[in-house]
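The values are calculated or read from the model by the stated rules, or taken from the named source; none is laboratory data. This structure is a prediction, so every number in the text was calculated from the model and none was measured. Cβ placement follows ideal geometry from the backbone for every residue including glycine, while neighbour counts extend to all protein chains displayed. All accessible areas refer to the heavy atoms of the entire protein, side chains included, with ligands and DNA or RNA removed. Shrake-Rupley method; radii C 1.70, N 1.55, O 1.52, S 1.80 Å.
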Amino acid sequence: MRAAVLTGARKPLELLDLPDPACPADGVVLRVLACGVCRSDWHVWTGADDDVALPLVLGHEFCGTVIAAGREVTRWRVGDRVIAPFILACGACADCRAGQQTICATQIIPGYTQHGAFAQEVAVPRADANLCALPDAMEPALAAALGCRVTTAWHALTGRAALRPGEWLVIWGAGGVGLAAMLLGRALGARVAVVDVVAEKLDLAQDLGADAAIDASSGDPVAHVLQITGGGADLAIEALGIATTTRNALKSLRKLGRMVQIGLPAGAEAEMLLPMDAVYSGQLAIYGTRGMPAWRYPSLLSLLEGGHVNLAPLIGRRIALSQVSEELAAFDGPAPPGVAVVTEFGG
Ligand SMILES: [Zn+2]
Ligand SMILES: [Zn+2]
C-alpha cells in the first residue's frame with residue numbers, strides 16, 4: 001500500500017510502498033476514505049515527542065471502509081464504514097469499564113504508537129471497543145474530523161466543562177478544534193467569542209456565526225473579551241497549546257469561570273508561567289482534556305443528524321497524500337483557515 005512516511009524530524013514525508021497491514025485478531029483493516037491533518041501530527045513531525053519511533057506513518061483523524069476483520073471481532077464486518085477515535089482504549093481495564101476510555105493506561109494511538117492513516121490502509125486494533133458506524137449521509141471528509149477535533153471539542157464543552165445555554169464561551173485559537181468548538185458552542189446555546197491573529201480565520205468564524213471575532217494581533221485581546229462579555233467569559237477554551245493563549249484564556253474569565261486546555265503543550269511550551277493569582281482570587285477551574293470516550297459518539301452524531309450543526313465549513317482543503325508535508329509545515333506559522341483533509345490516496 002501507498003503511505004506517507006515520516007523518516008526524520010521536519011523531513012518531508014516520503015511516499016513509499018509499504019506491506020499491507022496485517023489484521024489484528026481483535027481489530028480491522030480499513031481502506032482509508034479520509035484523514036485530517038491535525039496540529040498533533042505537526043508536534044510529532046517537529047520531533048517534540050521523543051518517545052515516537054521512526055519511521056512512522058502519521059495520521060490519527062480518519063474514517064474508512066472495513067476490508068478485513070479479525071476473528072475476535074463481533075460488531076463489524078467487511079464493507080462497514082466506520083470512524084475511529086484517535087484513542088483506541090482497551091475496553092477492559094477499570095478506567096474503561098467506568099466509561100473513562102480516554103485515560104486507559106494501555107491505549108493505542110494510530111499515527112503515534114503504531115502506523116496511522118496517511119496511507120491507503122490502516123490497521124485498527126480493539127475494533128469492538130472503539131469503532132463507531134459512519135452515518136450513511138455523512139461525507140468521509142467530515143467524518144474524519146470526528147476522530148479527533150470535533151469529538152475533542154464536544155467532550156471539552158459537554159463532558160468536561162458543562163457549557164450551559166446563555167453562557168459566554170471564549171475560544172483562544174480558531175484552527176480546526178477552535179472552529180469546531182465555536183460551531184458546537186453556538187448549537188448548545190452559548191454566546192461565543194473567537195480570538196486569533198489571522199484575519200481570514202476571524203472572518204470565517206464570524207461568517208459561521210461567532211458573536212464576536214477578536215484580532216489578538218492588535219490591542220489587548222483580554223481587555224476586549226472582558227468588555228464584550230461584561231466582565232469575563234464563563235468558559236474559555238485554549239485551542240493552540242502555547243503559554244500566551246493559556247495565560248490569556250485564564251485572564252479572560254469571570255470569577256468562578258472554567259478554562260479547558262485543549263491545545264497540546266509540547267516542547268518549550270510543556271511548562272508555562274500562569275497567572276495563578278487569578279486562579280486563586282477568581283476561584284477558577286482548569287480542566288485538561290484529550291479526545292472523547294467512544295461511548296459518547298451517539299450524543300454528538302444525534303446533534304449532527306438533526307441538522308443542528310453544519311460541519312462542512314470546517315473543511316478548508318481536500319488534498320492528496322503527497323500534499324501532507326506542506327500542510328504540516330504550514331503549522332509552523334499561523335496556519336490558513338479551515339482543516340486540510342486527505343481524500344486522495346492514489347492507486
Ligand atoms: Zn488530532
Ligand atoms: Zn482500558
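Solvent exposure of residue 86, expressed as accessible area, is near 30 Å², computed with a probe of 1.4 Å over the protein chains only. Report the relative contact order of the chain, percent, no decimals, based on alpha-carbon pairs under 8 angstrom and at least 6 residues apart. In percent, rounded to a whole number, it is 19. Heavy-atom accessible area for residue 76, with the other protein chains in place and a 1.4 Å probe, reaches approximately 30 Å².
In whole Å, what is the distance between the alpha-carbon centres of the range 177-200 and the range 1-24? One Cα centre to the other: 34 Å. Taken as Cα centroids, the range 142-161 and the range 249-269 sit 17 Å apart, rounded to the nearest whole angstrom.
Computed on the chain, the Cα convex hull volume stands at 126 Å³ per residue. Helix 176-187 and the long axis of the chain differ in direction by around 70°, with both axes built from C-alpha atoms. Which shape class, rounded, prolate or oblate, goes with the range 98-139 when its Cα gyration tensor gives a ≥ b ≥ c as root eigenvalues, a/c under 1.5 marks rounded, and past that a/b bigger than b/c marks prolate? Oblate shape, in that a/c is at least 1.5 and b/c is the bigger or equal ratio. Summarising the strand pairing of the chain, around 50 percent of its internal DSSP beta bridges are antiparallel. Where in the range 27-55 does the label zone of residue 77 land, with the point 7 angstrom along Cα→C-beta and an amide N cut-off under 19 Å? 27-31, by backbone N distance to the label point. Accessible surface for the chain, divided over its residues, is 40 Å² per residue with a 1.4 Å probe. Each peptide in 29-39, 113-123, 215-225 was scored by the mean count of other Cβ atoms within 10 Å over its residues; highest first, the order is 29-39, 113-123, 215-225.
Under 5 Å from the amide H of residue 68 lie the amide H atoms of 29, each residue being 5 or more positions distant or on a separate chain, with H modelled from the backbone and absent for Pro and chain starts. Among all the aspartates and glutamates, which ones have a C-alpha under 20 Å from residue 201's C-alpha, if same-chain residues fewer than 8 places away are not counted? Here the aspartates and glutamates satisfying the reach criterion relative to residue 201 are 211, 215, 220, 238, 326, 327, 332.
Which of rounded, prolate, oblate describes the range 279-347, given a ≥ b ≥ c as roots of the alpha-carbon gyration tensor eigenvalues and a/c under 1.5 marking rounded, otherwise prolate only if a/b is larger than b/c? It comes out oblate by the Cα gyration axes. Using a probe of 1.4 Å on the protein chains alone, the accessible area found for residue 322 is around 70 Å². Choose one answer from 144, 233, 199: the residue with the largest mean-square fluctuation in a GNM of the chain with alpha-carbon springs under 10 Å. Among 144, 233, 199, the largest mean-square fluctuation in the Gaussian network model of the chain belongs to 199.
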